[in-house]
Structures are given as C-alpha cells and as structure tokens.
Amino acid sequence: MSLKYRSIWISDTHLGTKGCKAEQLRDFLDNVDCDYLYLVGDIIDLWKFKSGFYWPALHGDIVQRVMNKAKKGTRVIYIPGNHDEQFRKHAGMHVNGIDIQLNAIHTTRDGRKFLVLHGDEFDSIVCHNKNLAYIGGEAYEALLVVNRWLNVLRTKMGYQYWSISAFLKHKVKNIISFMDNYQHILSLEAQKRQVDGIICGHIHHADITEMEFGKTYCNCGDWVESCTALVEDASGQLSIVHWLEQSAQLLDQPLETPYAEAV
C-alpha cells in the first residue's frame with residue numbers, strides 16, 4: 001500500500017556522498033504518492049565532487065524514481081541549495097518533467113501560503129564565508145563516518161541508533177542560538193513576503209513551530225541522519241514523517257486513512 005499525500009517536501013539528501021541514507025530514501029519514494037513533490041535543496045552534493053566522484057547505482061535509482069513520479073503526473077519542483085547551487089543558473093527551466101526554481105509559493109489545501117526555499121541565503125556563514133562553510137561540510141561528513149561505525153558497535157551491543165550531531169545540536173548553546181536566530185530571520189522574511197509561513201531545509205533539523213508575527217516555520221530535515229520529510233495531507237495539515245521510526249506503522253494503516261497524523 002502506498003501512502004498518499006497532497007504534497008511532500010524533502011531536502012538535504014546529499015546524493016553523491018557516502019553519508020546519504022539512500023536505501024531508506026529509495027524505500028520512502030517507493031511507498032509514497034503525491035500531487036506535489038518539492039526537492040528543497042542539497043539534493044545532489046556537487047561540493048563533494050571536488051574531492052572525488054562517488055555515485056553508486058542506488059543514487060541513480062533515486063533520481064530515476066523522482067523522474068518517474070514526474071512522468072506519472074506528480075508536479076516536481078527542484079529548489080537548489082548551497083551544495084547544488086550550480087543548478088540555480090538553470091532556474092526557470094523544465095528538465096525531464098522537473099521544474100527548477102529559486103524558490104516557490106505553495107498554497108495548502110486549507111488556503112495557507114508558504115514560501116519554499118532551501119534557506120542557505122539566510123545563513124551568514126554560507127553567505128559570507130563559503131570556504132568556512134565547505135570546511136564545515138567536510139567536517140560534518142567525517143562526523144557521519146564516525147557515527148556510522150559507532151552505531152555498528154551499538155547495534156551489536158543491542159542499543160538503538162544514536163546521532164552524535166543531533167546530540168551536539170541540542171547540547172551546544174551556540175548551535176541552539178544559531179537555530180533560534182535562523183528561525184527569527186525567516187519569520188521576518190515571511191512577514192516581508194506576506195506569506196503564512198516558511199518551508200526550508202539546510203540546517204538538517206526537522207521542525208514545525210510557530211514563529212513571530214503568527215508565521216509557521218517548517219523544516220524538512222535531512223536524509224543523512226534523521227530520514228525525515230514534511231508532508232501535507234488532503235485537508236492541508238502539515239506534519240513531519242520520521243521514516244526510520246514510522247514507516248512500518250504508517251504502511252500498516254487502513255487504506256481509508258492513509259495520511260500521517262498532523263503534529
């Protein structure tokens with residue numbers, strides 16, 4: 001049984017890197033259908049190609065699945081991020097059924113308008129020091145490698161998956177302060193653009209929260225650790241799907257109620 005949503009947003013898949021949880025992403029795409037599919041940046045990690053080409057067949061399978069959805073009638077919108085910013089010069093083009101845009105306005109079924117963008121343009125580190133951002137990206141991938149081997153050991157010992165970076169994000173005050181400031185800046189942009197909220201990616205932390213000015217902040221998360229997506233159901237309600245934890249539960253739902261419960 002496929003899960004049917006009106007809209008799905010995924011970001012930060014980082015195809016082309018060893019950190020991408022490609023099997024889980026392919027499983028997600030194989031088990032969902034939607035009218036709108038937004039690829040909210042950092043889908044293909046072109047930065048990583050600078051230090052060596054890595055493109056297993058599984059990553060190509062994921063690209064093919066996205067194109068197949070477009071052929072079957074799903075409207076696919078690709079909004080490049082900082083790791084795939086080279087695609088921004090192709091904004092306005094329609095390639096293999098996929099619309100490439102710098103950003104988009106999405107209207108939910110219940111009439112709310114959301115500005116959809118990757119979010120790196122509101123990150124001062126990315127905007128003003130790309131070399132530092134690149135080094136940070138390399139450090140993050142190294143952390144993922146350490147985390148992967150750590151969890152191999154934890155699994156053998158009977159423990160559940162544990163994310164070092166997620167732990168650090170919640171414990172390090174400077175990172176928490178950055179995320180709070182990031183949401184504040186986006187609330188100002190939502191107010192400026194006269195929309196009801198923002199849907200973004202970039203910081204690898206899935207969230208739905210109410211911001212200043214009555215705006216709603218939504219972040220899709222990532223597919224290198226959390227394996228999350230933002231979804232809209234038939235009534236316009238938004239929720240986050242944590243695929244690693246919820247896939248079995250969601251796929252067991254009766255056919256007449258195939259939507260994830262909103263949070």
- prompt: Summing +1 for each Lys or Arg and -1 for each Asp or Glu, what net charge is found among the other residues whose Cβ lies under 13 Å from the Cβ of residue 88?
  reply: -4
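Once you sort the root eigenvalues of the Cα gyration tensor of segment 1-68 as a ≥ b ≥ c, which label holds: rounded (a/c under 1.5), prolate (a/b larger than b/c) or oblate (the other case)? Before the final figure, lay out each step's value.
Working: a/c = 2.65, a/b = 1.87, b/c = 1.42.
Note, shape of segment 1-68 comes out prolate.
Among 21/113; 18/156; 4/113; 4/72; 4/215; 21/192, which pairs are too far apart, with a Cα-Cα distance over 24 Å? Don't jump to the answer; show the numbers that get you there.
Numbers: 21/113 31 Å; 18/156 22 Å; 4/113 21 Å; 4/72 14 Å; 4/215 27 Å; 21/192 36 Å.
Over 24 Å apart, Cα to Cα: 21/113; 4/215; 21/192.
Please work out the FRET efficiency for the pair residue 90 and residue 209, using the Cβ-Cβ distance as r and a Förster radius of 30 Å; give the result to the nearest 0.05.
Working: r = 33 Å, r/R0 = 1.09.
Computed FRET efficiency for residue 90 and residue 209: 0.40.
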statement: Rounded to the nearest 0.05, FRET efficiency between residue 121 and residue 75 (Cβ-Cβ, R0 25 Å) equals 0.60
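Using Cβ counts within 10 Å as a stand-in for footprinting exposure, how do 47, 9 rank, fewest first? Mind dumping the intermediate values first?
Values: 47 22, 9 29.
Ascending Cβ contact count within 10 Å gives the list 47, 9.
Values in this text are rule-based calculations from the coordinates and carry no lab data. Just so it is clear, the model here is predicted, and its values are computed rather than measured. Here Cβ is always computed from backbone atoms with ideal geometry, including for glycine, and neighbour counts include all displayed protein chains.
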